[in-house]
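Below is one structure, written out as structure tokens; comments come after it.
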Amino acid sequence: MDYDSLTLLDLKTMCKERGLRVSGNKAEVVIRLMEDDESKSPQPVSIPTQHNVQHMQQQMYGGQQPQIFITNNTTNVVQITGIGIVMYGFFRVAVAILFSEWQAEESFFALVIGIAYIFGGILSVQGYRIGLQITLITLVISGMLSLAYHDEVSPLSVGMGGIWPVELSLVCSGFCILVVAMPLFTAAPSNFRIGTPNYLRTVVNMADFVSPVPLVWGEDKNEDIEVKVVINCVHCDSPLKVPQGYSGNVKCPSCGEKFQVK
């Protein structure tokens, strides 16, 4: 637009309409209007072609394109096992409540065992290896108590006063241990979530705070474990995981586009 051909009054009127300062001489007002026009004009954007992108990737990474793959941290087997553990835990809690009126002490231990099953099952459903490990420890303790109270009618044993043979306790305990241990030995490490949930670490830290002796097993041992964070692709907004603190180029496995992570 030819601002020089306009009068100073017209130029100041245009500045007022655009919300610009109207003070100054004609040259200053013209410069102000020209700068405003330049700031509102669209900037040219250079979009690289697929050929150029591939050529750049070959130069930067020697022909190898960095790719990020999102893997599911849990498998159906681990989740189904965890659900079964939770259901069994609720069953043990119900038995403990049923016997609580005339066997309060044994019912209390049975209740603790049932809660331990539920807790281990929840961790297993969430994909944490420690959930299955807690369940195995609980199974071993429960199996030993089942043998100790085999000849009594107790919520801690399936013997029910010797009605059922002691072999039944051994078979039940051994079968449950085998079912829970199978995912630990057959599933790949990548099928489990790394570390422990935050709420479990909080509980352990609180127990360590009130305990008269240090809880060594409650210390954080995950210093050498690679921590990953979830980001979204700038092109298709798909979530993907990158190592924490990583800076560089990544390629989205969903849309195949590459973008910069800072």
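The values are calculated or read from the model by the stated rules, or taken from the named source; none is laboratory data. From a predicted model like this one, the values you see are computed outputs, not experimental measurements. No Cβ is skipped: glycine too gets one built from the backbone with ideal geometry, and neighbour counts run over all protein chains shown.
Data for the structure
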item	result
Restricting region 126-168 to residues that are assigned to a loop (DSSP other than H, G, I, E, B) and aliphatic (A, V, I, L, M), the residue that is surrounded by the most Cβ atoms within 10 Å (Cβ to Cβ)	Leu156
Options Val166, Val86, Val112, Val153: the member that is under 21 Å from the mean Cα position of the chain (by Cα) and among the β-branched types (Val, Ile, Thr)	Val86
Filtered residues of region 242-262 (kept if closer than 13 Å to Asn232 by Cα and in a strand (DSSP E or B))	Val242, Val250, Lys251, Lys258, Phe259, Gln260, Val261
First in region 182-199 and surrounded by fewer than 13 Cβ atoms within 10 Å (Cβ to Cβ), second anywhere and at pLDDT below 80, Cβ under 7 Å, 6 or more apart	Ser190/Thr71
Odd one out for Ile80, checked against (1) within 36 Å of the chain's Cα centre (by Cα); (2) surrounded by 22 or more Cβ atoms within 10 Å (Cβ to Cβ)	(2)
Enumeration of residues in region 85-105 that are of a type outside the set (A, V, I, L, M, F, W, C) and modelled with pLDDT under 90	Ser100, Glu101, Gln103, Glu105
Ala110, sole failed condition from (1) surrounded by fewer than 22 Cβ atoms within 10 Å (Cβ to Cβ); (2) more than 28 Å from Gly195 (Cα to Cα)	(1)
In region 202-246, residue modelled with the lowest pLDDT [restricted to those that are surrounded by 10 or more Cβ atoms within 10 Å (Cβ to Cβ) and among the polar types (S, T, N, Q)]	Asn222
